[in-house]
Amino acid sequence: MDNVLLHNPYLFEYFGLISILLVLFGVTFLLKKTEVIRPAIGLGLILTPIIYFYLILEAHTLNIPFTDDYNLLETIANFRKETDFVKSIEILFEQVNQHRFAFERIVMLIMVFITGTINIKLQIFLGNLFMLGILYLFFATFKKEQISWYYFIPVPYILFNLVYYENAFWGIAAIQNTPLIFFAFLSAYGLSRQDRKGWIIGLLAAITVTFVSGSGMLAWIIGVIILFLQKEYRLLFQWLAFAAGIIAFYFLFDYYFIPTNGEKPWKHPIFNTIYVLGFFGNGMYLDIPHPSATSFYKDMILCVLLGAMISVVFFVWFLRIIILPKLQWTYWYLLGAFMFVMGTGCMFVVSRPLSNYLMFGGSIFSRRYMIFGVVIIATMYVAMIILAKTFKTARISIAFIGMMFFLVMNGLSYFMSLPQMRKQYEELSLDGFYYKNFATFLTTGIHFGDIPFWNHPTRMKELVTLVEKNGLSNLYESDLFPPHQQVLKQTENRREKYKGKVDVQIEFRENEQVIPPKSIHFLAGEQNGVKPSYFVLVSEKYTLLLPALPKPNSFSAFVKTKNYYDRLYQYTLFRTKLPAGKYELWMMSEKGENSGQWESKFTGKKIFLY
């Protein structure tokens, strides 16, 4: 079956549907006779961004491991063949940097037990399902505060988008960061209930989140603060006892401390205060090139301003907790939600401080960490609605502005980031070809021939053999092409040249180190309506396949044509990813839609790489 949303994400139709639903929802407040359909329209507004998010995710993910996924696959393979109990526990809780990924390994082991294999695509889907849990906790907050569910409608638009696309499509990230936030929030929710059952929920969630990622230990600190402010001293003592035991196990059982030579964050307090504010507001970071440290980028400044706004709302929320004599559980829950994300940002700054201004970027602007920025924006919105609970005009204004803001962010995230999803999909689909033929991956490394993790001559080969033998990976099965020496021989059509537009350009793109490395940009058009699938570089020594990615339309062309992708195809990669040689450039296309048969035609262009 053709992967429809991969080739056409129907983005115009998606936002068209949302626009129609918004208009109809507004009409139900103007015409009394239409009130009866308001719940159905409101439900449609809530479900549309959720369903579209998972459909896009399903269309743009593959059952192929990516970088750190192999590391976890290795531990699962080792765990399955280990017979000694203590050594099995050591493997289960094996340290990766400062973290212990026991939760992720347990999820993968359950998957192996049920299905006999690890399906990375299913793992990605399962990880992203935890966002529904986060959404539900926010919904329960509105319900407890007896605030109309109408005000909840904007929340899915900020939670379900592609701002954090790297976290969404990467197996290890999806099963780590999203559950990390969910269990931390669940722990705060449990403690906020102020009963024995809630305390047990909070405790179990805190234990779980500790072994999702190292920052999960914040849940214990947050628990101490919440229980102390609640004056639940007996439960606080029990909490501290469990915390001491879990943390002692974490650091004393087969653990080694990794020394750091970086500067201390307090050495540059202003830079690092701005840095942590940037983390709070990193959901505003646009998916556009930020190559140079010599310029100021408006979106990065907006990140800091939004982070400052989030900090102010948190401060007001904390004051309300101190001042108000009687509180519902929602206050404690949102306090915990705020503190976890903000505490995570502080931990980032402590471990990776800046000694210069924010425009140098840093890890806080990695796409897999922007899920924290998205979630804290949602937390701020919910808190602001509750703070304005008794002020109808203010509440409506916050909801309206929130809906417009979240809708724009949702739209920008898809419009700007869908090409990154498509690129990852197509490059991963070629990883099997590159590994079989050249013992390297297209998706990772700076130079041609780089081996992920260690650049060790044999370790990666042994790992891939191990996980393939155990049925934990389908990397080899994903390669649909013959050996690279045979690709052209089996697909070439020398009777005619490729008649579509073809161009090769040299570009210089500054990277995070402010070094302008050389890049090669390939461009091709359709030939008589036939879409190119791959750029094929052919030399005496190598036959290299590079994906021909459809070029997104400009916004004006998108609105005019109602199509997201243009009829031009492109691919850009750093020069170092290609070996030296004299190459002919061919274009490969499918012979008939979904035929599985390929045809290569010479473009007439030759490339000399030195």
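The values are calculated or read from the model by the stated rules, or taken from the named source; none is laboratory data. Here the structure is a predicted model, which is why all the values come from computation and not from measurement. All Cβ positions, glycine included, derive from the backbone under ideal geometry; neighbour counts span all protein chains shown. Side chains included, ligands, DNA and RNA excluded: accessible areas come from the protein's heavy atoms. Shrake-Rupley method; radii C 1.70, N 1.55, O 1.52, S 1.80 Å.
Brief remarks follow.
- At full extension, residue 554 and residue 528 could sit 7.0 nm farther apart than now, given 0.36 nm per residue minus the alpha carbon distance.
- Relative contact order for the chain, counting Cα pairs under 8 Å that sit 6 or more residues apart, in percent: 15
- Accessible-area composition of the range 455-582, carbon plus sulfur, in percent [1.4 Å probe]: 50
- Within the chain, helix-based [θ] at 222 nm, where runs of 4 or more DSSP H residues each add -39,500 (n - 2.57), nearest 500: -18000 deg cm²/dmol
- Charges were assigned to the Cβ only: +1 to each Lys and Arg, -1 to each Asp and Glu. The resulting dipole of the chain about its Cα centre is roughly 1260 debye.
- Solvent-accessible area per residue for the range 338-399 (1.4 angstrom probe, square angstrom): 33
- Across the range 393-491, the mean sequence separation of Cα contacts (distance under 8 Å, 6 or more residues apart), normalised by length, yields a relative contact order of 22 percent.
- Solvent-accessible heavy-atom area per residue, rounded to whole Å², over the range 438-540 at 1.4 Å: 57
- Inter-label distance, residue 316 to residue 230: 2.6 nm, where each label sits 7 Å from its Cα along the C-beta direction.
- For the chain, the C-alpha radius of gyration divided by 2.2 N^0.38 Å, with N the number of residues, is 1.03.
- Working note: Karplus 6.51/-1.76/1.60 with θ = phi - 60° gives the range 429-434 the couplings 5, 9, 4, x, 4, 5 Hz, where Gly and Pro are set to x.
- Spatially proximal lysines relative to residue 231 (Cα-Cα < 28 Å; intrachain offsets below 8 disregarded): 143, 144, 197, 326, 389
- Across q = 0.17, 0.22, 0.26, 0.29 Å⁻¹, the range 292-338 modelled as identical point scatterers on its alpha-carbon atoms has Debye log10 I(q)/I(0) values of -0.59, -0.77, -0.93, -1.03, in the order of the q list.
- Take the Cα of residue 82, step 7 Å toward its Cβ, do the same at residue 327, and the gap between the two points is 4.2 nm.
- Area accessible to solvent at residue 7, 1.4 Å probe radius, in Å²: 80
- Nearby lysines by direct alpha-carbon distance to residue 551 (threshold 20 angstrom, same-chain neighbours under 8 apart not counted): 423, 499, 501, 531, 560, 562
- Between residue 396 and residue 573, the simple spin-label model (points 7 angstrom out along Cα→Cβ) gives 5.7 nm.
- Contact order normalised by residue count of the range 197-287, Cα under 8 Å, 6+ apart, percent: 16
- Interchain or long-range residues, amide H under 5 Å from residue 605's placed H: 585
- Per residue, the accessible area of the range 200-325 comes to 53 Å², computed with a 1.4 Å probe over protein heavy atoms only.
- Probe 1.4 Å - accessible area at residue 357, Å² to nearest ten: 70
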